Amino acid sequence: MNKKNLVSAVVDILENKIAEIEKAIENVQASVNEETKSSMGDKYEVGRVMAQNEREMLEVQLGEHKREMEILNTVNFFQNFDEVRLGALTETSMGKFLIGVSLGKITFEGESIMLISPNSPIGKELIGKTLNQSFDFKGKPVKIFSVI
């Protein structure tokens, strides 16, 4: 597996999520603007409040994704790793994990990879572990097979 291509794919995923949320915010605003032109009274107020709530929720998600992008842009994914830490791709008996941002499970080159934060429960357990080291996670043994 080419780690450089994996990191590029993760950046693409995050850029797409950001673009989708920005488009959704635009659509909510357009809906509010259209509502303003065609409605009056209580219906208009309820619709406007609902749209404002949706917009605020989307803006929170947008802010989170932009922070994740900042993290991706500052992490050195291509250094030599002698232990699991931020930027490492590690294969374990539980699967493969890229330590960076928490975007969940993706399929890349036919393989499942979990994109996790170092602050996630499994991320906290993995950080500092080395090749062939074992540990328990939620009552199950986990072994480190590789750290790239």
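Annotations
- Within the stretch 116-147, if we keep just the residues that are within 22 Å of MET1 (Cα to Cα) and in contact with a helix residue (DSSP H, G or I) (Cβ under 6 Å, 6 or more places away or on another chain), the residue that is surrounded by the fewest Cβ atoms within 10 Å (Cβ to Cβ) turns out to be SER117.
- Single match in GLU68, GLU54 (criterion: touching a residue at least 40 places away in the same chain (Cβ under 8 Å) and not in a loop (DSSP other than H, G, I, E, B)): GLU68
- Contacts under 9 angstrom Cβ, first residue in the stretch 1-22 being among the polar types (S, T, N, Q), partner surrounded by 14 or more Cβ atoms within 10 Å (Cβ to Cβ), 6 or more apart: ASN5/PHE108
- Answer from GLU34, GLU91, GLU45 - the residue that is at pLDDT 95 or above and of a type outside the set (A, V, I, L, M, F, W, C): GLU91
- Extreme residue, surrounded by the fewest Cβ atoms within 10 Å (Cβ to Cβ), among residues of the stretch 101-115 that are touching a residue at least 60 places away in the same chain (Cβ under 8 Å), at negative phi and assigned to a loop (DSSP other than H, G, I, E, B): LEU103
The values are calculated or read from the model by the stated rules, or taken from the named source; none is laboratory data. No experiment lies behind these values; they were computed from the predicted model shown. Please note: Cβ atoms are built from the backbone with ideal geometry, for glycine as well, and neighbour counts cover all protein chains shown.
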